1. Could you give every pair whose Cβ atoms fall below 6 Å, whose first residue belongs to segment 117-135 and is under 12 Å from ALA8 (Cβ atoms) and touching a residue at least 40 places away in the same chain (Cβ under 8 Å), and whose second residue is assigned to a loop (DSSP other than H, G, I, E, B) and of a type in the set (Phe, Trp, Tyr), counting only separations of at least 6 or pairs across chains?
2. So in segment 76-107, with the set limited to residues that are farther than 21 Å from ARG26 by Cα and among the β-branched types (Val, Ile, Thr), which one is surrounded by the fewest Cβ atoms within 10 Å (Cβ to Cβ)?
3. Return the residues of segment 29-70 that are in a strand (DSSP E or B) and touching a residue at least 12 places away in the same chain (Cβ under 8 Å); say none if nothing qualifies.
4. Could you give me the residue pairs with C-beta distances under 9 Å whose first residue belongs to segment 1-21 and is in contact (Cβ under 8 Å) with a residue 40 or more places away in the chain, whose second residue is of a type in the set (Ser, Thr, Tyr) and assigned to a helix (DSSP H, G or I) wherever it lies, and which are 6+ apart or on separate chains?
5. Considering only residues of segment 1-18 that are assigned to a strand (DSSP E or B) and β-branched (Val, Ile, Thr), which is nearest to the chain's Cα centre (by Cα)?
6. Kindly provide the set of residues from segment 108-154 that are open to solvent by 30 Å² or more (accessible area, probe 1.4 Å) and among the aromatic types (Phe, Trp, Tyr), ordered by number.
7. Does ASN84 qualify as being within 26 Å of LYS3 (Cα to Cα), out of contact with any His (no Cβ under 9 Å at 6 or more places or on another chain) and outside any loop (DSSP other than H, G, I, E, B)?
8. Sort through ASN114, ASN157, ASN97 and tell me the only one that's closer than 25 Å to ILE35 by Cα, in a loop (DSSP other than H, G, I, E, B) and touching a Phe, Trp or Tyr at 6+ places or on another chain (Cβ under 9 Å).
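The values are calculated or read from the model by the stated rules, or taken from the named source; none is laboratory data. Worth saying up front: this structure is predicted, and the values here are computed from it rather than measured. A quick note on method: Cβ atoms are made from the backbone with ideal geometry, for glycine too, and the neighbour counts reach across all protein chains shown. Heavy atoms of the whole protein, side chains included, go into the accessibility calculation; ligands, DNA and RNA do not. Shrake-Rupley method; radii C 1.70, N 1.55, O 1.52, S 1.80 Å.
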Amino acid sequence: MKKPTVMAVIGGKSSGKTTAIEVLTRELTKRGYKIAVVKHIPEQNFTIDTVGKDTWRFARSGAKTIVSVASNEVATIEKLDARNFSLRNILQKCKGNDIVFLEGFRKLVSRDKNIHKIVAVKSAEEALEAIRNFETILAFTGPYSTEKLKLKIPYVNVLRNPEKIADIVEKVVL
């Protein structure tokens, strides 16, 4: 089985990262790709589990892995210290997909040349900072258009031009 292509979508809070991944997932799924998305949640003690629900109760009683199976999804909750989770650990959860989008994880991926990045920006300063701090930027997106900066990296408004951002990603995949 071929390893998936890994791409990171990075940027500040409310910069359009989630929207970019939604658009890319929709467009690339239409083209036949299987997509996995991994979201970085930096808040301490965040849990996807709901207090008082059975899965939460199982974890509280000491279970390290809890699997819930419903008619339309399977969810696995693993209780572990993920602060030192490596990219390899993360990607093992995404086997069987063609493309993995990482939302966030800027420290983990910033200088990794093997991971292409789409950077969502809200200002010229954020775009210029991204150029200094990130290797292998494929495109800029977000509320601020970087076209005025005359960079060699294209800007794509993902809401107006979803095919263009998907084409850029697909070139890397192929």
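1. Listed by first residue and then by second, the contacts come to LYS117/PHE134.
2. Top of the filtered list is THR76.
3. So the first thing to find is which residues in segment 29-70 are in a strand (DSSP E or B), and the list is 35-39, 65-69.
Result: ILE35, ALA36, VAL37, VAL38, LYS39, THR65, ILE66, SER68.
4. That search, which allows pairs on different chains as well, returns VAL9/THR18.
5. VAL9
6. Selection gives TYR144 alone.
7. When the stated conditions are applied, ASN84 does not pass them.
8. None of the other options fit; the residue is ASN97.
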